[in-house]
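Below: the structure, in structure tokens.
The values are calculated or read from the model by the stated rules, or taken from the named source; none is laboratory data. Quick caveat, the model's predicted, so the values are computed rather than measured. As a convention, Cβ positions derive from the backbone with ideal geometry for all residues, glycine included, and neighbour counts pool all protein chains shown.
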Amino acid sequence: MRGGLWGDADRIVARTFIGLYGAAPKALAPRIRADGCRSVAAGAGPALQCAPVNQGYVYRHFIQPATAGRTVLAHHVAVFTRATEAEWRARIDAGQVRINGVTADPLRVLAAGDRVTFHRPPWEEPDAPLAFDVVYEDADVLVVTKSSGLQVQPGGTFQEHTLWHQVRVSAPDRADASHVHRLGRGTSGLVLFGKTRQARASLCAQFRRREPCKTYLALARGTGLPTSVQARHPIGPIPHGPIVVWCAQAGGKASHTRLRVLARDAAKERSLVAAQPITGRPDQIRIHLAACGAPLVGDRLFAPGGGIAEDVPPGLGGYFLHAAGLRFEHPTHGRAVKLRARPSWA
């Protein structure tokens with residue numbers, strides 16, 4: 001299935017990555033859960049209000065032949081570089097790292113196949129708007145809308161304050177649901193979940209073939225953007241403090257976004273733009289609009305030209321970008337599912 005506003009769709013490869021670091025609808029009476037969350041019905045779908053301190057998390061990985069032969073301490077310092085050697089030694093000495101289920105000695109030499117677990121203690125997560133609304137749901141598929149400021153999947157300082165967690169604990173038949181594409185934390189709109197393994201496999205295959213169609217609405221600065229633009233600025237990674245961000249740069253990966261101006265507001269010096277990313281680079285729409293001289297309203301990170309504007313974290317929100325249209329083939333009966341969710345500001 002190809003098509004949509006202009007005929008093609010972007011490619012989003014579904015994957016689950018867990019990083020080591022990292023006016024509202026009237027609510028019904030809350031129900032206290034064992035995990036510290038209060039379940040409340042908000043709009044068309046349940047929302048959860050979680051305790052500030054989460055339940056902690058266990059990170060797991062296996063030692064590969066190429067990384068065998070190092071000590072437990074040296075392995076963690078080399079692989080997980082956001083913590084210092086002193087921090088990892090303290091964690092290992094505190095019994096937070098285990099090898100094959102046994103509390104680790106920092107000088108133990110690791111062998112290929114060893115199972116390594118890091119038991120991260122509970123931590124206080126940043127606040128996030130946890131409510132989501134259900135747009136479509138059946139036994140195999142769930143489509144919800146999320147707010148700007150809610151991270152989709154766990155990573156960094158976010159674990160339970162994520163859309164992934166909120167969906168899974170919102171209903172028994174969603175306990176195995178996982179998203180098959182992602183939105184940036186500051187982006188609002190439609191997110192597609194597969195509720196079963198078979199559904200996720202089918203949906204992920206569709207995204208690999210670039211068959212689903214996603215359309216975004218954006219508020220861009222100024223009124224000078226041409227009515228129709230094929231943005232093809234290469235996008236690549238650059239260091240940004242302790243992390244890496246993506247921006248427009250020569251030598252970056254080939255990237256393509258189709259842009260169409262829907263309305264211009266000369267008084268407020270901004271334009272309503274429909275965007276359809278054909279490729280799937282990080283922050284692609286934000287970068288391409290900035291590269292075209294029309295950064296998103298409220299976007300402090302990307303400057304005209306597509307480079308980095310300020311020394312601000314990439315997860316900072318405040319910009320106006322919304323996943324407003326989604327079309328995909330249902331993984332069970334094969335019929336097209338077409339959904340729309342317009343933002344309040346458009």
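Summary table below
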quantity	calculated
The listed residue being of a type outside the set (Asp, Glu) and on the phi > 0 side of the Ramachandran plot, out of Arg210, Arg185	Arg210
Candidate set: the stretch 49-80, residues that are part of a strand (DSSP E or B), in contact with a Phe, Trp or Tyr (Cβ under 9 Å, 6 or more places away or on another chain) and modelled with pLDDT under 90; chosen: the one nearest to Pro121 (Cα to Cα)	Tyr57
Selection count where residues are surrounded by fewer than 13 Cβ atoms within 10 Å (Cβ to Cβ) and over 30 Å from Ala83 (Cβ atoms), scope the stretch 231-268	9
Subset of the stretch 290-346 (residues that are part of a loop (DSSP other than H, G, I, E, B) and of a type in the set (Phe, Trp, Tyr))	Tyr319, Phe320, Trp345
Count - residues of the stretch 282-299 that are surrounded by 16 or more Cβ atoms within 10 Å (Cβ to Cβ) and not hydrophobic (A, V, I, L, M, F, W, C)	6
Every residue from the stretch 316-328 that is buried (at least 16 other Cβ atoms within 10 Å of the Cβ) and either out of contact with any Phe, Trp or Tyr (no Cβ under 9 Å at 6 or more places or on another chain) or under 24 Å from Phe158 (Cβ atoms) (or both)	Gly317, Tyr319, Phe320, Leu321, His322, Ala323, Leu326, Arg327
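Residue-by-condition table, conditions (1) farther than 20 Å from Phe193 by Cα; (2) at pLDDT below 95; (3) over 22 Å from the mean Cα position of the chain (by Cα); (4) among the aliphatic types (A, V, I, L, M):
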site	(1), (2), (3), (4)
Arg260	yes, no, yes, no
Asp265	yes, no, yes, no
Arg286	yes, no, no, no
Val297	yes, no, no, yes
Arg300	yes, yes, no, no
Tyr319	yes, no, no, no
Ala336	no, no, yes, yes
